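Q: Starting off with a structure, shown below.
All of the numbers you see were taken from the coordinates with simple rules; none came from a lab. Keep in mind that what you see is a predicted model, and the values were worked out from it rather than measured. For neighbour counting, all protein chains shown are included, and Cβ atoms are generated from backbone atoms with ideal geometry for every residue, glycine included.
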Amino acid sequence: MHLFIPARLNEAAPDDFYPDSDGRPVGETPAHFRNASHVKEALEAHFSGDPEIFVAANMFVYYVPGDRLKHVSPDLFLVRGIDKTKPRRRYLLWKEGKGPELVIELTSESTRDEDIDKKWIYREFLGVKEYILFDPFDEYLQPRLQGFLLQRGDDVPMPVESGRLVSEVLGLHLEPDGEDLRLYDPALRRRLRNPSEEREFAAEMAAKFNQAAVERDRAAVERDRAAVERDQAAVERDHVAVERDRALADKARLEQELAE
């Protein structure tokens with residue numbers, strides 16, 4: 001794997017020496033912003049149990065110490081093996097010790113040259129293993145979802161299975177769904193839920209839980225009612241038995257009086 005970390009020049013510069021924004025809006029269109037947000041949240045939820053998988057969107061990645069111009073800002077990237085709880089406003093390659101392993105760019109006709117030209121930076125400077133391009137509006141990229149294994153050559157495509165890109169880094173597959181980029185878990189044989197689907201699922205589970213609680217309460221009431229009815233029936237049986245014994249006693253007394 002190629003990973004170029006320049007000579008340790010000006011590494012002592014404070015983190016805020018490196019800007020964390022260029023003032024430009026995040027996300028070229030609502031579809032680009034939605035995809036970046038949804039995929040990031042889905043990945044964070046999927047890897048929530050692993051403290052050393054860091055996911056970021058539109059974060060400046062600096063790869064030359066002391067040079068504030070040598071940076072890229074991937075739409076999405078993921079790094080394995082670093083503390084994800086560490087506060088970060090920018091990603092300094094020489095401090096982190098490794099670069100992103102996966103980068104996703106939400107591309108368009110207006111950004112195509114930039115997105116394609118950055119491939120060599122991701123390969124040579126950052127050591128990116130998997131580089132994925134997704135064209136939400138199908139403007140120029142054919143097919144509109146493409147992936148490259150950068151450490152195996154410039155244009156070695158990522159494997160495809162059942163029409164989905166196979167990501168070894170993620171352990172997941174990627175596929176287009178209209179204007180959206182979706183993640184598929186081959187182990188569970190289903191897509192990862194996006195935030196709106198997660199909210200719907202949570203609401204559905206809460207409704208089912210509440211319904212189950214109502215059913216349990218109803219069943220408890222029915223059990224109590226049945227117990228009361230059993231007790232009432234027992235009382236009635238005892239009452240009948242007492243009346244029967246009284247009638248038999250009266251009959252016996254009357255027969256005795258007649259016999260005398």
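Q: If I take R0 = 30 Å and measure r between the Cβ atoms of Arg225 and Leu248 in this structure, what FRET efficiency does the formula 1/(1 + (r/R0)^6) give, to the nearest 0.05? Kindly include the intermediate steps, with their values, before the conclusion.
A: Working: r = 34 Å, r/R0 = 1.15.
Working from the Cβ atoms, E equals 0.30.
Q: Please compute the length gained on full extension between Arg218 and Glu52, using 0.36 nm multiplied by the number of residues separating them and subtracting their Cα-Cα distance. Provide the component values of the computation, followed by the final result.
A: Working: separation 166, 0.36 × 166 = 59.76 nm, distance 4.68 nm.
Taking 0.36 nm per residue and subtracting the Cα distance, the gain is 55.1 nm.
Q: Sticking with this one: Running Debye on the chain with equal point scatterers at the Cα sites and no solvent, what base-10 log of I(q)/I(0) appears at q = 0.10 Å⁻¹?
A: The Cα Debye sum returns log10 ratios of -0.61.
Q: Ok, one more. Are there trypsin sites (Lys or Arg not before Pro) in segment 162-260 that DSSP marks as loop and that have at most 10 other Cβ atoms within 10 Å, and which are they? If you can, show how the numbers build up before the last one.
A: Working: sites: Arg164, Arg182, Arg189, Arg190, Arg191, Arg193, Arg199, Lys208, Arg216, Arg218, Arg223, Arg225, Arg230, Arg237, Arg244, Arg246, Lys251, Arg253; in loops: Arg189, Arg193.
Counting only loop positions with at most 10 other Cβ atoms within 10 Å, the trypsin sites (Lys or Arg not before Pro) in segment 162-260 are Arg189.
Q: How much length is gained if the chain between Asp22 and Ile121 is pulled fully straight, taking 0.36 nm per residue apart and subtracting their Cα-Cα distance, in nm to one decimal?
A: Numbers: separation 99, 0.36 × 99 = 35.64 nm, distance 1.93 nm.
Extra length from Asp22 to Ile121 when fully extended: 33.7 nm.
Q: Here is a further query. Hey, quick one: spin label on Thr85, modelled 7 Å out along Cα-Cβ, who in segment 35-62 has an amide N within reach, i.e. under 15 Å?
A: 48-54
Q: Run through the DSSP bridge list for segment 55-142 and note the antiparallel percent, rounded to the nearest 5.
A: 50
Q: Can you work out the FRET efficiency for the pair Tyr140 and Glu197, with r the C-beta to C-beta distance and R0 = 30 Å, to the nearest 0.05?
A: Details: r = 29 Å, r/R0 = 0.97.
After rounding, the FRET efficiency stands at 0.55.
Q: Something else now. With a point put 7 Å past each Cα toward its Cβ, work out how far Arg189 is from Ala45 in nm, to one decimal.
A: Distance between the two pseudo-spin positions: 2.2 nm.
Q: Can you give the extra length, in nm with one decimal, that the chain gains between Trp94 and Glu260 once fully stretched, where that is 0.36 nm per residue apart less the Cα-Cα distance?
A: Numbers: separation 166, 0.36 × 166 = 59.76 nm, distance 12.22 nm.
So the chain would gain 47.5 nm between Trp94 and Glu260.
Q: Of all the Cα-Cα pairs you can form in segment 148-260, what percent are over 22 Å apart?
A: Numbers: 4385 of 6328 pairs.
Percent of Cα pairs beyond 22 Å in segment 148-260: 69.
Q: Output the antiparallel fraction of DSSP beta bridges having both residues in the chain, as a percent to the nearest 5.
A: Among the beta bridges of the chain, antiparallel pairing accounts for roughly 75 percent.
Q: List the lysines whose Cα lies under 17 Å from the Cα of Lys129, skipping any in the same chain that are fewer than 8 positions away.
A: Within the straight-line cut-off, Lys129 pairs with Lys98, Lys118, Lys119.
Q: On to the next question. Using only Cα atoms and rounding to the nearest 10 degrees, what angle (0 to 90) does helix 30-46 make with the longest principal axis of the chain?
A: The answer is roughly 60 degrees.
Q: Out of all DSSP beta bridges with both ends in segment 91-246, state the antiparallel percent to the nearest 5.
A: On the way: 18 of 24 bridges.
Antiparallel bridges make up about 75 percent of those DSSP assigns within segment 91-246.
Q: What distance in nm separates the two pseudo spin-label positions at Glu236 and Glu168, each 7 Å out from Cα along the beta-carbon direction?
A: Going from the Glu236 label point to the Glu168 one covers 7.7 nm.
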